[in-house]
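Participant: There's a structure below that I have some questions on.
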Amino acid sequence: METFLIYLFKASILLSTFYGVYFLLLRKDTFFTINRHFLLVGIITSILLPFIEFTTIKFIENPVFYIKGTPLSASENVIPETLNWWLIGSILYGLGILIFLSRFGLQLLSLKKLLAHHQSRKKDGFNFIEVAQDIAPFSFFNTIVYNPVLHSREELDMILKHEKIHVQQFHTLDLILVNLLLIFQWVNPFAWLYKKNLEQNLEFIADREAINQMTSRKEYQLTLLKVSSNNYSTITNNFYQSLIKKRIVMLNKQSSQSKKLWKITVILPLLSLFLWSFNTREVVRVKQDIKIDQNASENIVIQEKEGKIIEFIVDKSSSKEDLNKVKNTLKNDYSLEVKFSGIKRNDAHEITSIKVDISSKKGTTNYAISNDTPINSFVIIYNSETGKIEIGQSRNNSNYVWVVDKDSKSKKGKTMKIHTGDKKNEYIFSDGDHKDIYEIHTNDNKTFAYITGDRDGEPLIYIDGKKSTKKEMEKLNSDTIEMMNVLKGKSAIKKYGDKAKNGVIEIIIKKS
């Protein structure tokens, strides 16, 4: 809903911009047909232009976005309840739509009932309906409704010529379009003024065309002043409008000079300003690799690449507030439903078990991890362009295969540093208190780093559910890997038996 409200805000700005140009520069001119087209273009533009987005590319070096935090106590981990103003605004806006949509529907039903209960007479492509009610003559598509008793023969002839212009130029379509627009922009005061001015301009058009078919301009104006009645509906073209004085003034106004048409072009720079201000998205591209420090105590890392990929890294210290940040971001910005459940923490408030369920219009994804010890970090990856969701072991986790570009160096011990490029960006991997030995192997210009021991033996390796070897793993191209997962301790033994006491590396290959 938040996305729709943002769209509505942009559409309201566009419609208000067109109204401002019309009111300040065009409404006093006699270019009635051109003004009609201008107002219609304004409606269509306000509907479609918010969907158009332009992209600018900005190159930066080593962007890292950390949301840092420390483990919270149970009492500190409670998120204070606040009013959801987006929800309140959405409810109020929705109620307004319901009211005005119901009003529009009742008008259509009332009109349908009136037309259905009277016999029509067809002549020259028009449907004429004579009624006994005291209502103003009006037209709806090719049907003209009037009460012949209320008007003299001369007056009726002028009225019918006026209404025929509305029918021939399809003015009913303009009215339906602006009424539908008003339903969705009822909160925009300029939308109401827009509708009023569009209706007035349609009357100016019909008056001008009708007067050209008559011998006496004076008699037509006297008819406007003499006869008054009730308008039937806001979705019909009524001969009598409340602003009769304006119609008479425009009838007697000298035709505007064509050189004044330049004023219409004022809308173009204003539209450009709108696109630059609201519909330009900046895409950040990384010049070099990103420095990731596993020793930093980040709880969640959120990183967006090229406006398409967004990643959320969850680790053992992620608080309830951190998880809610992930949940709310994916829901509000990307319409994904995220549920964290089965969360267990140790005495140090570190996560030992967690389950993640994510659903979208294209499908569902889930991930679960349960240990006696604090969990290894895992990553939630969402591609906003393709809608693909992936959940797996975090690239910051040293307990599974990780891929980096360029040449690398390594050293044994608690941590491993991989230096890349002239600026020696460091990738630091730590395995807590364990003193594992790491090896570096290069294949197809990719560098693989993985654990080989000080433990009792090497972990099992499964590729697409089939037991494999370290040698086969080294041959893999990183671009073909969809997900990697590491099981250790009781989780590994429970799934694969005692043979998995040294852990298991699970690799899923992308399906072609």
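Participant: So how compact is the range 306-384: Cα radius of gyration and Dmax in angstrom?
Facilitator: Taking only Cα atoms of the range 306-384, I get Rg and Dmax of 12.8, 40 Å.
Participant: Also, quick follow-up: Gap in Å between the Cα centre of the range 90-115 and the Cα centre of the range 1-16?
Facilitator: Cα centroid of the range 1-16 versus Cα centroid of the range 90-115: 21 Å apart.
Participant: Can I ask one more? How far apart, in nm, are two points set 7 Å out from the Cα along the Cα-to-Cβ line at K467 and at T265?
Facilitator: Computed distance between label sites K467 and T265 equals 7.9 nm.
Participant: So how much slack lies between E474 and L225, counting 0.36 nm per residue of separation and subtracting their Cα-Cα distance, in nm?
Facilitator: That works out to 80.5 nm of additional length.
Participant: Between K495 and H37, what is the label-point separation in nm under the 7 Å Cα-to-beta-carbon projection?
Facilitator: Label-label distance for H37 and K495, simple model: 6.6 nm.
Participant: Between L5 and Q119, what FRET efficiency comes out of the Förster formula 1/(1 + (r/R0)^6) with R0 = 41 Å and r the beta carbon distance, rounded to 0.05? Show your work: numbers first, answer last.
Facilitator: On the way: r = 48 Å, r/R0 = 1.17.
Once the sixth-power term is evaluated, E becomes 0.30.
Participant: Also: Need the full-extension length gain, L25 to K246, defined as separation in residues times 0.36 nm minus the C-alpha distance. One decimal, nm.
Facilitator: Gain on extension, L25 to K246, equals 77.9 nm.
Participant: Please work out how much length the chain gains when fully extended from S277 to E458, using 0.36 nm per residue of separation minus the C-alpha to C-alpha distance, in nm with one decimal.
Facilitator: Once the chain is fully extended between S277 and E458, it gains 59.5 nm.
Participant: For the range 135-226, just the Cα set please: Rg and Dmax, both in angstrom.
Facilitator: Cα-based Rg and Dmax for the range 135-226 come out at 14.8, 46 Å.
Participant: What FRET efficiency do you get for L173 and K112 if R0 is 22 Å and r is their Cβ-Cβ distance, rounded to the nearest 0.05?
Facilitator: The formula returns an efficiency of 0.80 here.
Participant: Then there is this: If you add up the charges near I461, with Lys and Arg at +1 and Asp and Glu at -1, over every other residue whose beta carbon is less than 13 angstrom from its beta carbon, what do you get?
Facilitator: Taking every other residue near I461 into account, the sum is +1.
Participant: Once the Cβ-Cβ distance between L98 and K510 is put in as r, and R0 is 56 Å, what FRET efficiency do you end up with, to the nearest 0.05?
Facilitator: On the way: r = 47 Å, r/R0 = 0.83.
Given R0 = 56 Å and the Cβ-Cβ separation, E is 0.75.
A short reminder: the numbers here are calculations on the coordinates, not readings from a lab. Fair warning: this is a prediction, and the values are worked out from it, not measured in the lab. Backbone-built Cβ (ideal geometry, glycine too); neighbour counts: all protein chains shown.
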